[in-house]
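This report refers to the structure that appears directly beneath it.
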Amino acid sequence: MDSTLFIFVDESGNFDFSPKGTKYFVLSAVSTLNPLDKEKLDEIKYEFLRKGLDIEYFHASEDKQIVRDEVFKFIKELQNIEIDSVIVQKNKANPSLYLEQKGRKIKHKGDRIYEIVLRTLLKYIFKRYKLKKDIEEVIVILSSIFTKNKRELISSVVKKSLKRDFPKPFHIYFHDAKSDKNSQIADYCCWAIYVKWERQELRPYNLIKDKIKSEFDIFKRGNGTVYYEYKK
């Protein structure tokens, strides 16, 4: 299985660009050549069930702090994952990137900006893994719930990115996060990065920061254009 690159993508913050929305939108990915050996999460889950906490699966924004502490402790010890993230400060985005497009039967909010963010995320993952010549295929799993049109957009972006930056056989899947331990890990990692930016909460971020390979503030210059920041 070491010849297959697995990429688990998750998002935090909402896609509401009005003043009622979150300040940031964050798209993150956990990449690994070994999606197995995550059984410890089951041990954590069943221990909390034994103590009377009703846990069906792990979801960082909803879990109690005592649960988050144990899950982050587990993620901190993992040796086989890498994290990449793209940060969108929404009030710095050009409105043309997220306003409803005119002249279409079905109007989509944010197609353009989502395309840019996802393409950027994949670009730097593939750039890093190009150095590993023994990878034979790529599997991308997205855990968020998307409409049919958004799934088609995402699939198109992933296919074009692979063809351009990492030409390998691939599969794209849309799975509920509760179905996969790696998707739940991606949720936790994305949330940790999100709360760092949204409310300057650094404790969870500091537990995973040694695994973060890239963290891009995509509109850093503040003029609505894309700006890439490398994290060494």
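Considering only region 92-102, I want to know if a residue exists there that is modelled with pLDDT of 95 or more, closer than 29 Å to ILE125 by Cβ and surrounded by 11 or more Cβ atoms within 10 Å (Cβ to Cβ). No: zero hits.
For region 139-169, the set of residues classified as modelled with pLDDT of 95 or more and crowded, with 18+ Cβ neighbours inside 10 Å consists of VAL140, ILE141, listed by residue number.
On the stretch given as region 170-181, residues that are surrounded by fewer than 21 Cβ atoms within 10 Å (Cβ to Cβ), in a helix (DSSP H, G or I) and in contact (Cβ under 8 Å) with a residue 12 or more places away in the chain total 1.
Checking each residue in region 55-75 for being of a type in the set (S, T, N, Q) and under 18 Å from the mean Cα position of the chain (by Cα) picks out only SER61. Test TYR129 against the stated conditions and say whether it is over 27 Å from LEU162 (Cα atoms), among the hydroxyl-bearing types (Ser, Thr, Tyr) and surrounded by 14 or more Cβ atoms within 10 Å (Cβ to Cβ). Spelling it out, it is not the case that TYR129 is over 27 Å from LEU162 (Cα atoms), among the hydroxyl-bearing types (Ser, Thr, Tyr) and surrounded by 14 or more Cβ atoms within 10 Å (Cβ to Cβ). If the condition is being closer than 21 Å to ALA177 by Cα, among the charged types (D, E, K, R) and assigned to a loop (DSSP other than H, G, I, E, B), then region 124-156 contributes no residue at all. Just to be sure before I move on: is ASP176 modelled with pLDDT under 95, among the charged types (D, E, K, R) and under 21 Å from VAL26 (Cβ atoms) in the structure I sent? Judged against the criteria, ASP176 is a match. Within region 48-63, the set of residues being in a loop (DSSP other than H, G, I, E, B) and either farther than 18 Å from TYR194 by Cβ or in contact with a Phe, Trp or Tyr (Cβ under 8 Å, 6 or more places away or on another chain) (or both) comprises LYS51, GLY52, LEU53, ASP54, ILE55, GLU56, TYR57, PHE58, ALA60, SER61. Within region 18-76, the set of residues being farther than 20 Å from ILE141 by Cα, crowded, with 16+ Cβ neighbours inside 10 Å and of a type in the set (Ser, Thr, Tyr) comprises THR22, TYR24.
The values are calculated or read from the model by the stated rules, or taken from the named source; none is laboratory data. Computed from a predicted structure; not experimentally measured. FYI the Cβ positions are ideal-geometry reconstructions off the backbone, even for glycines, and counts take in every protein chain you see.
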